[in-house]
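In what follows, a single structure is set out as structure tokens and then discussed.
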Amino acid sequence: IRSVAVKTETDSDVKPYVHKKEIEWIKIDLPKDMAKIKELLEKVIEERFTKLTELGFPVHNPKFITKKDLLGMQKKLQGELRGMPDPSVYAAISIVAEIMKVSHAVEIIETQGMESLRKYMERLDHEAYSKSGSKASKRLAEDLYMRQAIHRIRDTDIEHPKLEMVRNIVLRQIAGKQESRAIVFTNYRDTADMVTTSLETMEGIR
């Protein structure tokens, strides 16, 4: 790459062709059952950060650590292996992998919902019991809090309230202007399938 050009919606040559957007944030609380599952997953993460501290790799303010921070930590630990391989570094790399897997599950329950979480946990479970499964996934499969979370996921039939909110927003738009077209964006394919299935059942929506 010899040069990079960045264009934004506010650039003079782009601005005439961009429609004005009205952004409205709608905040939704997690139902109690989902909040409890999230709490169990966060306990798994908390224990892993404690283990990292015991190995000599403390993390300050673990509650505010981002995915970018975890990737940076993983890269730093892998860099240390190039010197003199240390068993504690190998162990720390594996623990960071566990934290990343469970952090992703927390993100899914917060933003996507139970069906997406169910599918993700099934993939984790499959990975743990396959021949090529990592030590991180196998340890997670045996973790008490993780087992409790999986048990609750299987027994919980509620869905993220965002799904009902999306239905209401789309229905309100169609009712007011039947020729409307709408795009619903999601982060994950599983969620896209779930939203499609939900919207297909509604009268007036094609």
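The values are calculated or read from the model by the stated rules, or taken from the named source; none is laboratory data. The shown structure was predicted, so the numbers you read here are calculated from the model rather than taken from an experiment. Quick reminder, even Gly has a Cβ in these numbers, built from the backbone with ideal geometry, and neighbours come from all protein chains shown. For the accessible areas, the whole protein counts, side chains as well, though only heavy atoms, and no ligand, DNA or RNA atoms are used. Shrake-Rupley method; radii C 1.70, N 1.55, O 1.52, S 1.80 Å.
Pairs of alpha-carbon atoms within less than 8 angstrom and 6+ residues apart define the contacts here; what relative contact order does segment 57-206 have, in percent?
Working: 83 pairs, mean separation 28.6, N = 150.
Normalised by residue count, the contact order of segment 57-206 is 19 percent.
Local charge sum around ASP29 (other residues, Cβ-Cβ under 15 Å, Lys/Arg +1, Asp/Glu -1)? Don't skip to the end; give the middle numbers.
Details: positive: LYS27, LYS32, LYS36, LYS38, LYS162; negative: ASP33, GLU39, GLU110, GLU159, GLU164.
Here the charged neighbours net out to 0.
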Cα centroid of segment 1-71 to Cα centroid of segment 159-206, whole Å: 24
Theoretical FRET efficiency, 1/(1+(r/R0)^6), r = Cβ-Cβ of GLU159 and LYS51, R0 30 Å, to 0.05: 0.35
25 °C / 0.890 mPa s Stokes-Einstein diffusion coefficient of segment 91-164, Kirkwood radius on C-alpha pairs, µm²/s: 191
13 Å beta-carbon shell around ALA182, net charge (K/R +1, D/E -1): +4
Inter-probe distance in nm under a simple model that places probes 7 Å from Cα toward Cβ, at ARG206 and SER180: 1.7
With every protein chain in place, the chain: carbon and sulfur % of accessible area (1.4 Å): 53
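For segment 31-185, state the average projected area of the convex hull of the C-alpha atoms over all orientations, rounded to one decimal in nm².
On the way: hull surface 47.6 nm².
Projected over every direction and averaged, the Cα hull of segment 31-185 covers 11.9 nm².
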For the chain, accessible area per residue (1.4 Å probe, heavy atoms of protein chains only), Å²: 73
Axial C-alpha extent at least 18 Å, average Kyte-Doolittle at least -1.0 - helices from the chain (DSSP): 32-54, 87-111, 161-176
Shape metrics for segment 7-80, restricted to C-alpha atoms - Rg then Dmax, Å: 20.6, 57
Relative contact order of segment 1-103, defined on C-alpha pairs under 8 angstrom at six or more residues apart (%): 28
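Based on DSSP loop calls and a cut-off of at most 14 other Cβ atoms within 10 Å, the longest stretch of the chain free of exposed chymotrypsin sites (Phe, Trp or Tyr not before Pro) is what? Display every interim value, and only then the final one.
Working: sites that count: TRP25, TYR129, PHE185.
Longest site-free region, per DSSP loop and neighbour criteria: 26-128.
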